[in-house]
Amino acid sequence: MSRDRSKPSKPRTRTYERPRGGQARAIADLMPDIGRAAFRRFGFVQSSVVTRWPEIVGQHHAKVCVPEAIRFAPGEKSEGTMQLVVLPAHAPLIQHVIPEIIERVNRFFGYNAVSRVKLRQGEVKPPVPRDRAAAPPSLKPIPLELGESLRDIGDPELREVLESLARSLDQSSRNRN
C-alpha cells in the first residue's frame, strides 16, 4: 500500500520559546530573589536579620547563637516568636539576655516584630568576618606642633586616630578664626 500523498500535511505547531537576548545580569542581582524565597520558607520575612545578625546582637552573642526562624500568628506580622540556635554551654547566658535580644531585633525591624524567643541547642557556625575597606589616608596636613609628638606612638591604629583628631581640631580652630 502506498501513502496518499494528495492530502496536505498538518502544519506543525511551534512551541513558545521565550525571547532571548537582553542585558546580562550579575549573579549578585539574582541572589536576593533566590535567597528571599528560601528565607521566607524558613520563616524570615527579611533575610537581612540573618545577614546582619552580628550587628544586631553584637559579635559576642553572634558567635554563640543564630536566628533560625521567626514565626507569626496567621495573618499577623507582629509579636512573633523567634527561634534561636544556641551552643549548649551558652544557653543559660543567652536565656538571661533574651529581653535585650528582643529589644535589639525590634529596634532593627522598627516595630514590635518579636515578643518571644525560643531556644534550641545545637551547632552554631561563627559568623564570617567581613573585611572592611580601610579608610583612605587623609590628605590634610597634620599641625606642626602635634606632628612630632604623634610620630613617637608605636601603635599605628592609635597614631592614625590621633592624627585624624588633630586634623579635625586644627580645622575647627581655623573655622572659628
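The values are calculated or read from the model by the stated rules, or taken from the named source; none is laboratory data. If you're wondering where the values come from, they're calculated on a predicted model, not measured in any experiment. Here Cβ is always computed from backbone atoms with ideal geometry, including for glycine, and neighbour counts include all displayed protein chains.
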Which numbered condition VAL124 fails, given (1) in a helix (DSSP H, G or I); (2) in contact with a Leu (Cβ under 7 Å, 6 or more places away or on another chain); (3) modelled with pLDDT of 80 or more; (4) among the aliphatic types (A, V, I, L, M) = (1)
Candidate set from segment 71-97 (those that are among the aliphatic types (A, V, I, L, M) and over 13 Å from ARG120 (Cα atoms)); member that is surrounded by the fewest Cβ atoms within 10 Å (Cβ to Cβ) = ALA73
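Looking only at segment 36-89, filter to residues that are aromatic (Phe, Trp, Tyr) and modelled with pLDDT under 85; which one of those is nearest to GLY110 (Cα to Cα)?
Ranking the candidates gives PHE44 first.
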note = Flagged pairs (Cβ under 8 angstrom, 6 or more apart or on separate chains; first in segment 67-85, on the phi > 0 side of the Ramachandran plot; second outside any strand (DSSP E or B) and not charged (D, E, K, R)) are GLU79/PHE72; GLU79/ALA73; GLU79/ASN112; GLU79/ALA113
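Just checking, which of SER164, SER172, SER138, SER168 is among the hydroxyl-bearing types (Ser, Thr, Tyr), modelled with pLDDT under 85 and either within 17 Å of ALA62 (Cβ to Cβ) or surrounded by 14 or more Cβ atoms within 10 Å (Cβ to Cβ) (or both)?
Among SER164, SER172, SER138, SER168, only SER164 is among the hydroxyl-bearing types (Ser, Thr, Tyr), modelled with pLDDT under 85 and either within 17 Å of ALA62 (Cβ to Cβ) or surrounded by 14 or more Cβ atoms within 10 Å (Cβ to Cβ) (or both).
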note = Flagged in segment 104-126 as surrounded by 12 or more Cβ atoms within 10 Å (Cβ to Cβ) and free of Cβ contacts under 8 Å to residues at least 12 places away in the same chain, in numbering order, are ASN106
